[in-house]
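Participant: If you scroll down you'll find the structure; I have some questions about it.
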Amino acid sequence: MKYFTIVAMFFILSGCSATIQTHESYSTQVGVEKTTSIGNELYRVTKKRDLKNVFGKADIFGGKVGAGYTELRFMGLNRDGIILFRLTDIDIETNETTMSRYGSSSTTVNSNTTANATVVGNSAYGSANTNSTIRHYEKPQTTVTQLPPSTVEFLFDPAEKTLKLEGVSIEITKVTNYSISYVLNR
């Protein structure tokens with residue numbers, strides 16, 4: 001029993017001290033040549049953050065909340081044969097916590113009743129005194145807000161072959177007016 005208590009305390013305390021981290025997943029395989037047409041995405045990075053617990057640390061059950069995404073789209077070539085890209089970044093803000101996700105609403109009723117009765121013949125005479133307390137807890141409501149997109153269009157000379165952006169590099173293998181072939185690397 002003592003061993004179980006020590007392990008349980010370690011588990012609880014380690015979960016309460018884990019800092020909130022951001023996790024990313026990519027829509028495109030890394031190291032594999034892909035081809036996409038005009039207007040389509042080269043890649044998308046979906047971002048999630050750890051769900052906060054009551055102490056402001058990471059949820060010990062591994063819960064995550066959406067944090068937004070970043071995507072790069074091929075928009076074609078200009079008259080000089082330069083690639084036009086569109087980079088869009090969208091952030092999501094939320095107040096969701098373990099209490100709003102896993103919590104529940106509850107109502108507690110405490111009642112104290114006292115009764116005094118006197119029986120005389122076939123009749124009962126008496127009085128009753130009732131004190132009641134009702135407490136209600138409503139779990140917090142979650143608010144999720146998608147911020148306005150941050151979008152930038154920019155030109156890139158295909159002769160440079162490799163476009164480096166935050167956390168990724170795109171090796172361009174072939175480009176036409178309507179399509180692009182590339183390899184995504186991290």
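Participant: Can you tell me the length gained on complete extension of the stretch I38 to E24, counting 0.36 nm per residue apart and subtracting the Cα distance?
Facilitator: Result: 2.5 nm gained on full extension.
Participant: Compute the FRET efficiency between T107 and S150 as 1/(1 + (r/R0)^6), taking r as their Cβ-Cβ distance and R0 = 41 Å, and round to the nearest 0.05.
Facilitator: It comes to 0.35.
Participant: Just subtract the alpha-carbon distance of T88 and F55 from 0.36 nm times their residue separation and send over the number in nm, one decimal.
Facilitator: Contour length minus the Cα-Cα distance gives 8.6 nm.
Any read-out appearing in this document is the output of simple, stated calculations on the displayed coordinates, not a laboratory observation. From a predicted model like this one, the values you see are computed outputs, not experimental measurements. Note: ideal-geometry Cβ built from the backbone for every residue, glycine included; neighbour counts use all protein chains shown.
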